[in-house]
1. Is there a residue in segment 4-16 that is at pLDDT 80 or above and part of a helix (DSSP H, G or I)?
2. Does segment 40-61 contain any residue that is modelled with pLDDT of 80 or more and of a type in the set (D, E)?
3. If we keep just the residues of segment 32-61 that are more than 20 Å from the chain's Cα centre (by Cα) and part of a loop (DSSP other than H, G, I, E, B), which is surrounded by the fewest Cβ atoms within 10 Å (Cβ to Cβ)?
Amino acid sequence: MYQLRRVASPMLLNINSYVELSHPDNSIPVNRFVTPLHIVPEWYFLAYYAVLKVIPSKTGGLLVFMLSTCQ
């Protein structure tokens, strides 16, 4: 019985401290289809991302991207 208490006590303390010390944003439910607002591309990629968002097909966006970098 003493050995069980000796092993179980640190395990329970670790679990409890993780819950108490974790960041509150970790408890927010995840939405896989919406990017968080604080995640933005670097400023030098904004033009490319704007072009890729406007063109609906992936292949067309890739072609426009390749043509714009080759000029």
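The values are calculated or read from the model by the stated rules, or taken from the named source; none is laboratory data. Computed from a predicted structure; not experimentally measured. Note that each Cβ is placed from the backbone with ideal geometry, even for glycine, and that neighbours are counted across all protein chains shown.
1. So the first thing to find is which residues in segment 4-16 are at pLDDT 80 or above, and the list is none.
Looking through segment 4-16, none of the residues is at pLDDT 80 or above and part of a helix (DSSP H, G or I).
2. Yes, segment 40-61 contains at least one residue that is modelled with pLDDT of 80 or more and of a type in the set (D, E).
3. So, considering only residues that are more than 20 Å from the chain's Cα centre (by Cα) and part of a loop (DSSP other than H, G, I, E, B), the one surrounded by the fewest Cβ atoms within 10 Å (Cβ to Cβ) is P56.
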